[in-house]
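S.K.: Handing you a structure now.
Just so you know, all these numbers are worked out from the coordinates, no wet-lab data involved. Keep in mind that this is a model prediction, so the values were computed, not measured. Reconstructed Cβ throughout: ideal geometry from the backbone, glycine too, with neighbour counts over all protein chains shown.
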Amino acid sequence: MLIRSRRGWEMAERDATPEGVFHDRRRLLRGMGMLPLMAGTLTLTACGEDAAAVSSDDPTAGLYPVQRNPTFELDRALTDEAEATTYNNYYEFGSHKTIWRAAQELPLRPWTVRFDGMVEKPMDVDIDTLIKAMPLEERLYRFRCVEAWAMAVPWSGFPMAKLVEYAKPLSSARYVVMSTFGADHYPAPGLRQRWYPWPYQEGLTIQEATNELAFIATGLYGKPIPKQNGAPLRLVVPWKYGFKNVKSLVRFHFTDKRPTTFWEAIDSNEYGFWANINPEVPHPRWSQASERLLGTGETMPTRIYNGYGEYVADLYKGLEGERLFT
Ligand SMILES: Nc1nc2c(c(=O)[nH]1)N[C@H]1C(S)=C(S)[C@@H](COP(=O)(O)O)O[C@H]1N2
Ligand SMILES: [Mo]
């Protein structure tokens, strides 16, 4: 099958070895030396080893850092900023992990976010108007990719419940479908790969979207969120596999029909709609029992709902017959 042979998940396991991460980082440092202006601000730690590509010309730069919400505690150290911002999945820019450089070409302004479908009134809202209308806070969340790598990062942003309130959905709406930019906004190289069902879209039930944990990120590590991590607006649902956390959003569509999501359309046998994290439900091609921490190569046991069951397990009561976990 063409699609299967073109997919990148298989590569990911190999790339995710500590060796892969090490070589990616060396490439990053070399790349930044050659292109000092591209990344804006270069952050170096005391030992001069780590670097992070952070854009300093973002009009929202003055909003950060924002106050941390102390409710959400981690069971592990924060991932190095240089790792979290140089080891990414973002198929619009390519199916490998080092898309961070290509992603710098994404234009962030003008950026319009559409709210449509089953809403009181469809709206097109400018990103800066939207961000100003939202209460920003910082949250430390664990993050678990379906490929079995994991990280822990400080997101800045706002509860998705606030965005749903802002959109004013009709009471008949049951799902919210979120989409990434398409070639009309910016013809990113991956969008030419026509066998993918662009634009990348994901969906949540309204109950999931208004759960306390569901978050819309606009920042990362106390700064505007880097392009490679999904600037200017990106979903964060830490109890679900990484592919649900759709990046660079341009549209929130409210509907009463469950959408077919991007990876579900590519292979529904491997990637379902719910995609909740569960160590006991293996991916068809690998175990989900443990996860590798980005940067250190350390392994930890994976927890059901990524350890967030106290917040989200109730969402799935009565749905036990559904395929909730892959
Ligand atoms: N638009 C878009 N969103 C996306 C992806 C993508 O390819 N395109 N990849 C997903 C996957 S598989 C993961 S693991 C996370 C990775 O987020 P990070 O690069 O910030 O760690 O983004 C998710 N969101
Ligand atoms: Mo992922």
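S.K.: Place the peptides 143-150, 74-81, 215-222 in order of packing, highest mean first, counting for every residue the other Cβ atoms within 10 Å and averaging per peptide. It would help to have the intermediate numbers written out before the result.
M.R.: On the way: 143-150: 22.2, 74-81: 15.9, 215-222: 24.2.
By packing density, highest mean first, the sequence is 215-222, 143-150, 74-81.
S.K.: Here is a follow-up. Within the range 261-326, report the trypsin sites (Lys or Arg not before Pro) that DSSP leaves as loop and that have at most 16 other Cβ atoms within 10 Å.
M.R.: When the trypsin sites (Lys or Arg not before Pro) of the range 261-326 are filtered for loop state and at most 16 Cβ neighbours within 10 Å, ARG285, LYS317, ARG323 remain.
S.K.: Now, a different point. Would you kindly work out the equivalent ellipsoid of the range 264-326 from its C-alpha gyration tensor and give its semi-axes, the square roots of five times the eigenvalues, largest first in whole Å? Please report the intermediate quantities before stating the final value.
M.R.: On the way: eigenvalues 93, 57, 17 Å².
Listed largest to smallest, the semi-axes of the range 264-326 are 22, 17, 9 Å.
S.K.: Could you please state, rounded to a whole Å, how far the C-alpha centre of the range 284-326 is from the C-alpha centre of the range 111-160?
M.R.: After rounding, the separation between the Cα centres reads 22 Å.
S.K.: Pull up all non-local amide H partners of GLU291: gap of 5 or more, or a different chain, and H-to-H distance under 5 Å with H placed in the peptide plane.
M.R.: Answer set, sorted by chain and number: MET300, THR302.
S.K.: Further question: Using packing as a proxy for protection, rank 103-111, 237-245 so that the peptide with the highest average count of other Cβ atoms within 10 Å comes first.
M.R.: Values: 103-111: 15.9, 237-245: 24.1.
So the order, starting with the most tightly packed, is 237-245, 103-111.
S.K.: Would you mind checking the radius of gyration and Dmax of the range 13-316 based on alpha-carbon positions, in Å?
M.R.: So, for the range 13-316, Rg and Dmax equal 18.3, 56 Å respectively.
S.K.: What ranking do 126-132, 196-202, 295-301 get when scored by the average of other Cβ atoms within 10 Å per residue, highest first?
M.R.: Those peptides, ordered most packed to least, come out 196-202, 126-132, 295-301.
S.K.: Same structure again: Rounding to the nearest 20 debye, state how big the charge dipole of the range 199-319 is about its Cα centre with +1 on each Lys and Arg Cβ and -1 on each Asp and Glu Cβ. Show your work: numbers first, answer last.
M.R.: Details: 13 positive and 12 negative charges, 90 e Å.
So the magnitude is around 440 debye.
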